[in-house]
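Readers should treat all values here as calculations from the given coordinates under stated rules, not as data from a laboratory. What you see is a predicted model; the values in this text were computed from it and never measured. Note that each Cβ is placed from the backbone with ideal geometry, even for glycine, and that neighbours are counted across all protein chains shown.
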Amino acid sequence: MKKRKIPILVMSSILAIGVVGITMFTYVNYVRQSLWNQAVNDILDSTTQEQESFQLFIEKDMENLTTILNSVSLEDETVIGSIMEHSSSNGYNLIYIDLNERTYLHQRQKEKLLDEEVNLLNNLPLSKGITKPYLNRVNGERTIASYIKLEDKLLVKEAPVEYIAEQFSLSFYNDLGFSYIIDDSGNVLMRNNHKNANRTMQNLFDIIDIEGNDQAIIQSFENALANHKKGYALFNYHDDTNVFCYIPITILNGWYIVSIIPNDIIMTQANNIIIFTIILSVIIIGAIGFILLLYRYNQRKHKNEVEYLAYFDALTNLFNYQKFKEEGNQRINQDEKKWAVIYSDIAGFKIINDLNGYEFGDKILKELAKIIQNTISLQSFSCHMTADKFLMMCDYQEKQDLAKICESIHRQLYSILKKYGLEKESVIKFGICCLEDDEIHNIDGLVDRSHLALNEVSSNPKDYYSFYNYSMRERMMKEADIEAKMEKALENREFVFYLQPKYNVLGNQILGAEALVRWIDHTGTMIMPGDFIPIFEKNGFILKLDEYVFEKVCQYLSDRIQKNYPVVSISINVSRLHFYQLDFIERYVNIKEKYQIPDGLLELEVTENVLLEDMKKIQEIISQLQSYGFKCSIDDFGSGYSSLNLLKDLSFDVIKLDKLFLDNSVNSQRSEEIIKSIIDMAKHIEIKTVAEGVETQKQLAFLKKTDCDMIQGYIFSKPLPIHEFEDILKDSQRLVA
C-alpha cells in the first residue's frame, strides 16, 4: 500500500511546535538556573554583609574595651565600679579582673577568683577575643563574653546572646530567610526569633541529617566548614528544599554565618518568568494548532479542487496523463479484462488553429472530449495528453469493438467539423495496441506501442486507424540498433560517399556530380540512406554525418587537384538543421579553406522544405555561402509548396526538378508548358536546372525539348563508387576532347 505523504504545512507546523516546545524547555531551564544562580549570589552577598557587620561590631567592641581598660587601670576601684554599674543598665556587664590580686570586680562587687579560673585566664591564647556562648553562673542566661587582656589586667564584656543577635538583622529576603551563627562543627552559637528558625536545635547537622539529605552533600558541607570556605548547599528542611549559604567570620576562627531560605522563595521571580514563558509558548502553540485546524478545514473544503488540478485536464475535464498512467497500471495489475490503449491525433489540427485561432481550436478539443466520454464504456477512461492528442484505455471482447469505437468517434467529429466547413482539412487518426499483442506489463508499454501504430496510419482518409503488430516493434528496435551503432560507425569511417554523375541532355559529357552517402558496416553489408537518414534527421546526428561527407568530398577534390586530375563540381546535401547552427557557415568555410578548394567546385543542396522557414534568414545564409565561393541549389523543387516567387526572392545557383514533379507532367501538355516556363525563366535569371530521377527515354526526350541544363538519373548512370566514377569521367573527358 502506498504511504500517505504528510503535507508540508503539517510537517512544518509539527516541527514548529517541536521547536517552540524545545525552545521553551531550554529557555525555562536557562532562566531557572540563571535566576537561581543570581539569587544565591545575592544571598551570599547579604550574608557577607552580615558577616562584615558582625565583624565590625566585634572590632568596635574590642576597641571600646581596650579604651575602657586603659582608662580604668589608672583609676581607683570606685570609678571602675561606677563604669560597670553604667554598663549593666545598657544590657551588658563589664567585669574587671586583676590576675595579680586574683580578684574580679563586677557591679561594685569584688570577689576572689578560683584557682581554675586563674589558670584559664592565664592561658588565654589571645590578648583579645570572644567566647562561645555559655550559661552565666550568676543569672543563668546564655551569654557571650568578649575580652581584652593587658599584662595582668583583663576587661570582660558579658552580654546575653539575644542582645548580640538583636544588633544584627539575621533575616533577609523580606524576612523570608533567616541566619544562624555556628562554629565549624555546626554548633549553633546564635539564632534569631524567625518563625522558621528551630529554637531547640543545638547543632545544624541535627536538622540536616533528620531530613534525610544526600550524605555526599553533607560531607561536602562539613569539609567546607572545616576548611573555612564559603559557599552554598541544598538541604531538605521543613518539608522543603532550602538553600544554605555559609560565610566564615574571619576574625573569629571557626565561626560562620549560615543563611537559610526556602528554594521555592528564591525561585518565585524565576517561576513568574517561567509561567509567562509557558503561557506565551502555549499561545504560540495554540496559534500553530489553529493554523493546522484551519489548514485541515481548507484542505477538506478544497479537496475536490486539488484532486481536479492534480488529476484532471482543465480544458477537457478528462484525466491528465499522469492520472491516466496511474489508473492504467492499476487496471493492468488488478483486472483480468482485455485492455487496449487507443492513441488519437487530429491530423491538420495546426491548420484549424492557424485559420480560426486557438480559442476555436480549444472548442474543437472540448467537443472531441465529450464525444470520447460518450463513446467509451463506463469501465473505460481517457485523457487529454497534449495539444490534439488523446488517449483511451478501453476494455473489449473482440478487437472489432475497438474499431467500432474509432469509427464512432471519427464519424461524430467529422459531423462537427463539417458544420464548420473543416471536414477536408482535419481527419482524426487512431493507433490501437492491445495488451495481448505483445509482452506488455505496464501502461507505458501500451502507450508507446499505440503511438507506433498511429504513425503507421496512411495518409488515405479511409485508413484512419491501425492496430499495433510486432513488425512495428521490430522497426523501432531496428532504429534503436542504428542509433546505437552510428557514433562508432562514424569513428570507424564506415560512411562513404558515392558519386552520381550529372550529364548534359545528350549524355556525352559529365558536367557535375552529386555525393550520396552510403553506410558499409564492418561486415561489408551496405545500409541504404533510406534506412538511416530519416533516423539521423530526427536525432540530429545528420549534422555530424553531413559535415563528415563534406570534408571527405573536399579531401577527394584536393587530392585530384594536386595530382592534376580532371575535376567537376560536386554537390553535397545539407540538412535543414544546419541552418539553426550559429557556426554552420564558419565550419564549412574552414573546411573548404583547409583543403584549398577553388570557388565553384562545391555546391550545397538544401531541400525545398527549408524554404518554409524564415525566408530572410535563409537568404542571408545563402548569400554568405555564395560570397565564400559555394554554389547553392534547391533540391526536390516541385515536391512541396515551392513557387516561382522563391526563385525571385532567393538567389540560388541551381534548381533540381523533383522526379515526382517530372513524372506527373510528362503526359500533360499543360504541365509540359509549365515546366518549360520554369526552365526558361531560370535561364533568364541565370539559374541552372537539373532534372533528377530521369529513367525513361520519354522523360529524356521531353527534357531535351525544354533545354534543361543537366540530367541526373539512372538513364545515364546510377550512383557509383569513386573509382568507377573516375573511369567514366575520364572517358567523358576523352570524348569531349
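Pull out the extension gain between Gln299 and Asn223, defined as 0.36 nm times the separation in residues minus the alpha carbon to alpha carbon distance; nm, one decimal. Can you show the working numbers first?
Numbers: separation 76, 0.36 × 76 = 27.36 nm, distance 6.70 nm.
So the chain would gain 20.7 nm between Gln299 and Asn223.
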Computed E for Glu117/Glu141 - FRET, C-beta separation, R0 25 angstrom, nearest 0.05: 0.85
Angle between the chain longest axis and helix 443-455 axis [Cα atoms, degrees, rounded to 10]: 20 degrees
Along principal axes, Cα extents of segment 448-561, largest first, whole Å: 56, 39, 24
With Cα atoms, 0 to 90° folded angle of helix 215-226 axis to the chain main axis: 50 degrees
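Going through segment 515-608, which trypsin sites (Lys or Arg not before Pro) have at most 16 other Cβ atoms within 10 Å and a DSSP loop state?
Working: sites: Arg518, Lys538, Lys544, Lys552, Arg560, Lys563, Arg576, Arg587, Lys592, Lys594; in loops: Lys563.
Listed in order of number, the matching sites are Lys563.
Please list, by residue number, every one of the chymotrypsin sites (Phe, Trp or Tyr not before Pro) in segment 385-455 that is coil in DSSP and has at most 16 other beta-carbon atoms within 10 Å. Show your work: numbers first, answer last.
Details: sites: Phe390, Tyr396, Tyr414, Tyr420, Phe430; in loops: Tyr396, Tyr420.
Those that pass, being in a loop and sparsely packed, are Tyr420.
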The chain: angle of helix 697-706 to the longest principal axis, Cα-based, in degrees nearest 10: 90 degrees
Residues whose placed amide H lies under 5 Å from that of Val427, excluding near-sequence neighbours: Ala347
Label zone at Lys230 (point 7 Å along Cα-to-Cβ), backbone N below 17 Å, segment 18-51: 37-51
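Once the Cβ-Cβ distance between Leu15 and Glu151 is put in as r, and R0 is 56 Å, what FRET efficiency do you end up with, to the nearest 0.05?
0.10
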Euclidean distance between Cα centres, segment 97-123 to segment 464-496, Å: 132 Å
Loop GluC sites (Glu not before Pro), segment 666-719 (other Cβ atoms within 10 Å of the site Cβ: 12 or fewer; DSSP): Glu686
Options (i) 0.99; (ii) 1.12; (iii) 2.15 - which one matches Cα Rg over 2.2 N^0.38 Å as calculated here: (iii)
Cα-only Debye scattering, segment 479-736: base-10 log of I(q)/I(0) at q = 0.14, 0.15 Å⁻¹: -1.03, -1.18
Positive-end residue of Gln562, Gln400, Leu113, charge dipole of the chain with Cβ unit charges: Gln400
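What FRET efficiency comes out for Gln400 versus Asp354 if R0 is 45 angstrom and r is the Cβ-Cβ distance? Round to the nearest 0.05. Could you put the intermediate results ahead of the total?
Working: r = 37 Å, r/R0 = 0.82.
With a Förster radius of 45 Å, E is 0.75.
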Fewest-first sequence of Ile722, Ile285 by Cβ atoms within 10 Å of each Cβ: Ile722, Ile285
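Based only on other Cβ atoms within 10 Å, what is the fewest-to-most ordering of Met681, Met486, Met11? Numbers along the way, then the final one.
Values: Met681 14, Met486 20, Met11 11.
With the sparsest Cβ surroundings first, the list reads Met11, Met681, Met486.
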